[in-house]
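The values are calculated or read from the model by the stated rules, or taken from the named source; none is laboratory data. From a predicted model like this one, the values you see are computed outputs, not experimental measurements. Because the Cβ atoms are built from the backbone with ideal geometry, glycine has one as well, and the counts that use them run over all protein chains shown. Ligands, DNA and RNA are excluded from the accessible area calculation, which covers all protein heavy atoms including side chains. Shrake-Rupley method; radii C 1.70, N 1.55, O 1.52, S 1.80 Å.
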Amino acid sequence: MRSVETFRDVQSEATEWRRYLHQNPELDYQLHNTATFVAEKLASFGINHIETGVAETGIVALIQGEGGDGPAIGLRADMDALPIVEASNKPWSSQIPGKMHACGHDGHTAMLLGAAKHLASTRNFKGSVALIFQPAEEVELPSGGLRMVQEGIMDRFGISQVFGMHNMPGMEIGKFGICDGPIMGSQDDFDLIVKGRGGHAASPHRAIDPVVIAAQIIIGLQTLVSRKTDPIESLVISVTKLNAAQAYNIIPDHVEIAGTVRTLSPDLQDFAEREILAAAQGIGRGFGADVEFKYRRSVPVTFNHTEGTNLAITAARNLVGPASVDDNIRVSMEAEDFAYMLETRPGAYIMIGNGPTAGVHHPAYDFNDEALPYGIGYWVKLVETVLAA
Ligand SMILES: [Zn+2]
Ligand SMILES: [Zn+2]
C-alpha cells in the first residue's frame with residue numbers, strides 16, 4: 001500500500017499547472033487556451049490517443065494499461081471558470097478581468113493531468129483509462145457533460161464505468177466524502193406568467209391585480225413543500241425572480257415569476273412540475289387571472305451507483321486510511337452536470353477536502369494546492385483498484 005507520499009513528486013509540477021490555469025481562466029465552451037494546454041501536456045506524457053474538439057473544446061485521451069485486456073473506465077475533470085471578479089489576492093490571481101476559477105476546476109484539471117502523467121509512466125492496470133476533460137460545467141443547457149455524452153464518448157471509447165471528483169471547502173485536506181445513491185440534487189427551472197388586467201393603482205376594483213395574485217402563488221408554492229411532500233423526502237422550491245410594473249401608480253397587466261426546483265428523486269421532479277402548475281392555475285383562476293407555465297429540466301440527480309461507490313471508497317481508504325473517508329457524506333442540493341455521465345454509465349462522484357478556504361463561487365475562493373497529491377493519488381488508486389492487473 002503506497003501512501004500519498006508517492007504522489008508528492010508530481011505535486012510541484014501540478015501546482016505550476018494549476019496556477020497557470022488559474023491565471024488564465026476561460027468560460028463555458030470557449031476553453032481554447034485551456035484545451036491546448038491540456039492536450040500538449042497529455043502528449044508530453046507519451047499518451048498518443050488524444051481526441052480534441054469533443055463538445056467543442058473537450059478532450060478525451062486513452063491510456064492503455066500493460067496488465068492485459070480489460071474494460072475502459074472514464075475519469076472526468078471539468079475545466080471551465082466563472083464570470084466572477086477575483087478577490088483572492090493570491091499572487092496567481094486571474095489575469096483576465098471578470099473571469100475566475102472560483103469552483104476549483106483548475107485544480108480538477110491539474111489533478112487529472114497529474115494522474116495521467118503517473119498512469120502513463122506506470123501503466124500498472126489492465127484495460128484502459130479514458131481521461132475526460134470536460135468544458136462548460138457551469139453553464140445553462142446544454143452543458144458540457146451532456147454534450148460529451150450526446151457525442152457518444154461512452155460508446156466510442158468503450159467506457160464501462162465513469163468517475164468524477166469535486167473539491168469541497170470546509171472539509172480537511174486529505175479527507176474524502178461520498179455516499180451511495182443521490183449525492184447532488186437535480187436542478188429544474190420554471191417560469192410563470194400571471195395574466196391579470198392592468199389599471200390605475202387607485203382603482204383596483206377595475207383591474208385584476210396580478211401582483212397580489214402572484215404573492216399568493218408564491219406562498220402557495222411553499223405549501224407544496226410543507227404540506228404535500230413527505231417530510232422525509234427533499235424538495236426545494238425557490239422563487240428567485242419577480243417582475244411586475246415599473247411605476248408607483250400602475251397596476252400591471254401581468255407579473256413574471258421564475259424559480260428553481262431541487263430534489264433527489266425523479267418522482268419529485270414530476271410532482272413539482274405537475275403541482276406548481278396546478279397550484280398557480282388554481283390560485284390564479286380563483287381571482288380571475290390566467291397563468292402561463294414553463295418547466296425545464298436542467299440537470300438530473302447525481303446518482304452514485306453502489307458498486308462504483310464501494311470501489312471509490314476502497315481507493316480513497318487505500319490512499320488516506322479508513323478514518324479519513326466519510327462514506328455517508330451529507331447530500332448537497334446543488335446540481336452537477338456529471339449527473340449526465342452517471343445516467344449513461346455506472347460509477348461514482350466523490351468529494352475531496354479543500355481545507356478552510358472560501359466557498360466555491362465566492363470571489364475569495366482559491367483551489368488549495370495541498371489537495372493536489374490527494375486527488376492525483378485517488379485517481380491512481382481508483383484505476384489500480386477497478387482495473388487491478
Ligand atoms: Zn461551480
Ligand atoms: Zn464545480
Taking θ as phi - 60°, what are the ³J(HN,Hα) couplings along the range 298-304 by the Karplus curve (6.51, -1.76, 1.60), each to the nearest whole Hz, with x for Gly and Pro?
-> 8, 9, x, 5, 7, 10, 7
Magnitude of the Cβ-charge dipole of the chain, K/R +1 and D/E -1, about the Cα centre, nearest 20 debye?
-> 320 debye
In whole angstrom, note down how far apart the Cα centers of the range 1-54 and the range 249-280 are.
-> 42 Å
For Lys241, list the lysines whose Cα falls under 21 Å from its own Cα; do not include residues on the same chain fewer than 8 positions away.
-> Lys195, Lys294
Output ³J(HN,Hα) for the range 79-91: one whole-Hz value per residue in order, computed from phi by the Karplus curve 6.51 cos²θ - 1.76 cosθ + 1.60 with θ = phi - 60°, and x for Gly and Pro.
-> 10, 8, 9, 10, x, 10, 7, 5, 9, 7, 6, 7, x
Could you give me the radius of gyration and the Dmax of the range 125-203, taking only the C-alpha atoms into account and expressing both in angstrom?
-> 21.7, 78
With labels modelled as points extended 7 Å from the Cα through the Cβ direction, what inter-label distance (nm, one decimal) is found for Ala323 paired with Ala358?
-> 3.4 nm
Debye log10 I(q)/I(0) at q = 0.10 Å⁻¹ for the range 228-339, Cα point scatterers = -0.49
Which percent of the accessible area of the range 63-171 is formed by carbon and sulfur heavy atoms (probe 1.4 angstrom)?
-> 50 percent
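Over the range 284-389, what portion of Cα pair distances is larger than 22 Å, expressed as a whole percent? The partial results should precede the final answer.
Values: 2702 of 5565 pairs.
Looking at the range 284-389, the distances longer than 22 Å represent 49 percent of pairs.
Quick one: dipole size for the range 280-389, taken about the Cα centre, charges +1 on Lys/Arg Cβ and -1 on Asp/Glu Cβ, in debye to the nearest 20.
Working: 8 positive and 13 negative charges, 70 e Å.
Using Cβ point charges on Lys, Arg, Asp and Glu, the range 280-389 gives about 340 debye.
What is the extension gain from Asp270 to Tyr295, computed as 0.36 nm multiplied by their sequence separation minus the C-alpha to C-alpha distance, in nm to one decimal? Show your work: numbers first, answer last.
Details: separation 25, 0.36 × 25 = 9.00 nm, distance 1.03 nm.
Contour length minus the Cα-Cα distance gives 8.0 nm.
Multiply the residue gap between Glu370 and Gln222 by 0.36 nm, knock off their C-alpha separation, and tell me the result in nm, one decimal place. List each step's numbers first, then the result.
Working: separation 148, 0.36 × 148 = 53.28 nm, distance 4.22 nm.
Additional length available on full extension: 49.1 nm.
Divide by every residue of the chain the summed helix terms, -39500 (n - 2.57) for each DSSP H run of at least 4, and state the resulting mean residue ellipticity at 222 nm, rounded to the nearest 500 deg cm²/dmol. List each step's numbers first, then the result.
Numbers: 10 runs with 131 residues, N = 389.
Here the helix-only value at 222 nm equals -10500 deg cm²/dmol.
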Sorting Val85, Val261 on solvent-accessible surface, 1.4 Å probe, most exposed first, gives Val85, Val261
Distance between Cα centroids, the range 325-341 to the range 63-127: provide it in whole Å.
-> 18 Å
